[in-house]
Amino acid sequence: MWFDSWSDVLRVLLVGSASYVTLVLVLRASGKRTLSQLNAFDFIVTVALGSTLATILLSSDVAWAEGLAALGLLAALQYLVAWISSHWPGARSFVTAKPVALVRDGELQHEELRRNRLTASEVRQAVRSTGSGDLSDVAAVVLETNGTMSVIPTSKCGSGSALEGVLNWRDGREG
């Protein structure tokens, strides 16, 4: 339980080092988006890469070449999905949720809070974290595709062009 053999330890050190270098090379080749966590799909790929690396390190049943193939496959699939979603808008909506306005012109959008399983308290916390103490000073709070909330003060909203594509931004439709 505490120690099996030096050969197992040596295997972890050798295969682990090779796997680590391989993962770094795969990530560099696949681009910055692979670990960006822009949306749920990107997050899943990040978790899968970590899980695959752990399996390569700790399971003697998985050869380094198999691990390399698995890491490469995950990176290639993530690249393919990212490419398809950037070229076909219909595919993008399948992979990525649209951002949604939780606050419009200082007013909480209770239906959107329910739909996204959030509370008014969580939105107020996001507003407070920006240093604002009054919802009426907030033009919008947007639940982004990666699950974070962006708070846009009224003083910085301008034309609202950055809110294009945000659901429920103006008149309950896509902005």
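Yes/no per residue for (1) over 19 Å from N146 (Cα atoms); (2) among the basic types (K, R); (3) outside the structural domain of R124 (by TED's automatic domain parsing):
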| site | (1), (2), (3) |
| --- | --- |
| L25 | yes, no, yes |
| F43 | no, no, yes |
| I56 | yes, no, yes |
| L74 | yes, no, yes |
| D105 | yes, no, no |
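Taking G72 as meeting all but one of (1) at pLDDT 90 or above; (2) closer than 18 Å to V12 by Cα, write down the number of the exception.
(2)
Would you check which residues across region 44-76 are within 16 Å of the chain's Cα centre (by Cα) and either among the polar types (S, T, N, Q) or surrounded by 14 or more Cβ atoms within 10 Å (Cβ to Cβ) (or both) and list them?
Within region 44-76, V45, T46, A48, L49, L74, A75 qualify.
Could you grab me the full set of residues in region 151-175 that are closer than 13 Å to L102 by Cα, assigned by TED's automatic domain parsing to the domain that holds L108 and free of Cβ contacts under 8 Å to residues at least 24 places away in the same chain?
I152
Mind listing whichever residues of region 117-175 are exposed (fewer than 15 other Cβ atoms within 10 Å of the Cβ), within 23 Å of F43 (Cβ to Cβ) and not charged (D, E, K, R)?
T119, Q125, S129, G147, T148, G165
Can you confirm whether L113 is hydrophobic (A, V, I, L, M, F, W, C), at pLDDT 90 or above and assigned by TED's automatic domain parsing to the domain that holds T22?
Spelling it out, it is not the case that L113 is hydrophobic (A, V, I, L, M, F, W, C), at pLDDT 90 or above and assigned by TED's automatic domain parsing to the domain that holds T22.
Could you please let me know if V62 is among the aliphatic types (A, V, I, L, M), more than 30 Å from D134 (Cα to Cα) and assigned to a loop (DSSP other than H, G, I, E, B)?
Against the criterion (among the aliphatic types (A, V, I, L, M), more than 30 Å from D134 (Cα to Cα) and assigned to a loop (DSSP other than H, G, I, E, B)), V62 qualifies.
Go through region 89-112 and give me each residue that's surrounded by 13 or more Cβ atoms within 10 Å (Cβ to Cβ), free of Cβ contacts under 8 Å to residues at least 40 places away in the same chain and within 24 Å of I44 (Cα to Cα).
A91, R92
The values are calculated or read from the model by the stated rules, or taken from the named source; none is laboratory data. Predicted model, so just to flag it, every value in this text is computed and none were measured. Cβ: placed from backbone, ideal geometry, glycine included. Neighbour counts: every protein chain shown.
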